[in-house]
Amino acid sequence: MKPGNVSQSFDCVIVGGGHGGSQTAAALRQSGFTGSIALIGAEPEIPYDRPSLSKDYLAGKKTFDRMHLRSQDFWGSREVELLLGRHVIGVDASARTVMTDHGEQFSYGQLVWAAGGDPRKLSCPGGDLAGVFYIRSKADCDALIDVLPDAQRIAIIGGGYVGLEAAAVFREIGKHVTLVEALDRVLARVAGEPISRFYENEHRARGVDIRLNSSVASLKGTNGRVSSVVLETGEAIAADIVVVGIGIVPSVGPLIAAGAKGTNGIDVDDFCRTSLPDIYCVGDGARLENGPGIRIESVQNATDQATTAAKAICGEFKAYDATPWFWSNQYDLKMQTVGLNYGFDSVVTRGNPASRSFSVIYLRNGAVLALDCINSPRDYVQGRKLVDSAVRIDREALADTSKQLKEIELVTS
Ligand SMILES: Cc1cc2nc3c(=O)[nH]c(=O)nc-3n(C[C@H](O)[C@H](O)[C@H](O)COP(=O)(O)OP(=O)(O)OC[C@H]3O[C@@H](n4cnc5c(N)ncnc54)[C@H](O)[C@@H]3O)c2cc1C
């Protein structure tokens, strides 16, 4: 379809060609949906694997053609019309139409909003200087890769997974890396203290200069290009480039403007339905009303919510109840998470972090909420049963590495 002021109808319009959007289209066909489907995506590429951006793609170990979620042929054979390289800028829930920044208008029978999030931008003075990068899209990452050969000193702002993964890649290619984190530990929002301290030690041992409790006051530049990060203490950290990883802002503006309920993202019910008729929301931008009260930013969540929404559109109402999982790769460390530690009141460390193969188990009222497993795939696989059981489990049994987690007897009291 050519850009312009055209109007076309689709039985289902999906906004966002990332993990949630592509899975919605695939799951619709799998569930027998025979209507017309349009996938409208802001990025020009066919749907691809986003987590690789801060891992193997940034490191030059994986080419983009190996990151496609489905082949080009898949989309054709499933009769999914890919309308790429355009933003949906408006939704009219009464007229059942969406508008794009190309001046197009599409009407829909069902609408699935899967637009993910935009990187949260640095708001301090100098935040818009050249040489400041984010990692959310292939275009972001390509722009960063282009300047890497000429950058020796890299400052990373934000000690979350994206910042830490980028730090690992940069150290492996010999860059001088300083990582600035405002809180008193890295991964503070997502992991328990043993995990934070473990990663801090690993990165420091590999030469990353980690600055905790350090807020950025401004970025300074020379001829419009960033040259240093100035902390609130007044200290200036010299940097040829700055990479910012301070979270995302859900991309839900047009849906909120259309009247959908939600404050931090879009509120959805167990079937990923929004408060607007025949409009669903999945992935990073969706907040389950009956969930833990937060949006979950992971491939698993986007994919499983997409499947839930697609099934509901096809008349199969199966409430979303997937067990969350996540992963992060840094150096030779593979972390796998199962469950959601939100609201934990104690932790058990299983194994010795010094061995670089251990797990941190999160509990609430004695029941296992989640496990972070470092180079410990067996705990990850076996820990799922503990999370799903939701029964109280003896802390000593969890810490006892002479026994596998699957040997723990689950007794409901
Ligand atoms: C660098 C990086 C590393 C990550 N690593 C991991 C990991 O190791 N494990 C893990 O589980 N998760 C990881 N994540 C998170 C994971 O990628 C996201 O949770 C997942 O992609 C969410 O899927 P989504 O469909 O909601 O959004 P996305 O995959 O981001 O897709 C949203 C798409 O919608 C498009 N869009 C936005 N607004 C509009 C609009 N108005 N109109 C049209 N299109 C629009 C966007 O351009 C984007 O293509 C990582 C994320 C990043 C950025």
Only one of G265, G245, G253, G234 that is surrounded by 15 or more Cβ atoms within 10 Å (Cβ to Cβ) and without any contact (Cβ under 8 Å) to a residue 24 or more places away in the chain: G253
Pairs with Cβ under 9 Å, 6+ apart, first in segment 38-58 and under 22 Å from V88 (Cα atoms), second at pLDDT below 95 and part of a strand (DSSP E or B): A38/Q8
Residue satisfying all of: in segment 75-92; in contact (Cβ under 8 Å) with a residue 12 or more places away in the chain and more than 12 Å from the ligand (Cβ to nearest atom); surrounded by the fewest Cβ atoms within 10 Å (Cβ to Cβ) among these: E79
Residue match in segment 392-400 (condition: outside the structural domain of R273 (by TED's automatic domain parsing), more than 16 Å from the ligand (Cβ to nearest atom), assigned to a loop (DSSP other than H, G, I, E, B) and surrounded by fewer than 19 Cβ atoms within 10 Å (Cβ to Cβ)): yes
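Which ones in segment 25-56 are part of a loop (DSSP other than H, G, I, E, B), near the ligand (Cβ under 9 Å from one of its atoms) and touching a Ser or Thr at 6+ places or on another chain (Cβ under 9 Å)?
Those that are part of a loop (DSSP other than H, G, I, E, B), near the ligand (Cβ under 9 Å from one of its atoms) and touching a Ser or Thr at 6+ places or on another chain (Cβ under 9 Å): A42, E43, E45, P47, R50, K55.
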Of all residues making up segment 279-301, the number that are of a type in the set (G, A, S), near the ligand (Cβ under 8 Å from one of its atoms) and not in a strand (DSSP E or B): 3
Criterion violated by A354 - all others in (1) assigned to a helix (DSSP H, G or I); (2) crowded, with 21+ Cβ neighbours inside 10 Å satisfied: (2)
Test: S22 is touching a Lys or Arg at 6+ places or on another chain (Cβ under 9 Å), among the hydroxyl-bearing types (S, T, Y), on the phi < 0 side of the Ramachandran plot and assigned to a helix (DSSP H, G or I): yes
Close pairs (8 angstrom Cβ cut-off, 6 or more residues apart or separate chains): on the phi < 0 side of the Ramachandran plot and surrounded by fewer than 18 Cβ atoms within 10 Å (Cβ to Cβ) in segment 168-179, part of a helix (DSSP H, G or I) and not basic (K, R) anywhere: I173/L148
Subset of segment 383-413 [within 30 Å of the chain's Cα centre (by Cα) and not aliphatic (A, V, I, L, M)]: G383, R384, K385, D388, S389, K406
R70 being of a type in the set (K, R) and in contact (Cβ under 8 Å) with a residue 60 or more places away in the chain: no
Residue check, A260 assigned to a loop (DSSP other than H, G, I, E, B) and more than 16 Å from the ligand (Cβ to nearest atom): no
Which listed residue, of I40, I135, is within 25 Å of the chain's Cα centre (by Cα), over 30 Å from I154 (Cα atoms) and surrounded by 15 or more Cβ atoms within 10 Å (Cβ to Cβ): I40
Within segment 127-171, tally of residues that are away from the ligand (no atom under 11 Å from the Cβ) and charged (D, E, K, R): 6
Residue that is nearest to V190 (Cα to Cα), among those in segment 302-321 that are at pLDDT 95 or above and in a loop (DSSP other than H, G, I, E, B): Y320
Strands (runs of 3 or more DSSP E) within segment 62-120 that include 1 or more residues small (G, A, S): 88-92, 105-113, 117-119
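Test of understanding: among A95, A59, which residue is surrounded by fewer than 21 Cβ atoms within 10 Å (Cβ to Cβ) and within 28 Å of N264 (Cα to Cα)?
When all the criteria are applied, what remains is A95.
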Filter result for the condition that a residue is surrounded by fewer than 17 Cβ atoms within 10 Å (Cβ to Cβ) and farther than 29 Å from L164 by Cα, over G259, G224, G207: G259
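The values are calculated or read from the model by the stated rules, or taken from the named source; none is laboratory data. As the structure is a prediction and not an experimental result, all values here were calculated from the model. Neighbour counts run over all protein chains shown; Cβ positions are idealised from the backbone, glycine included.
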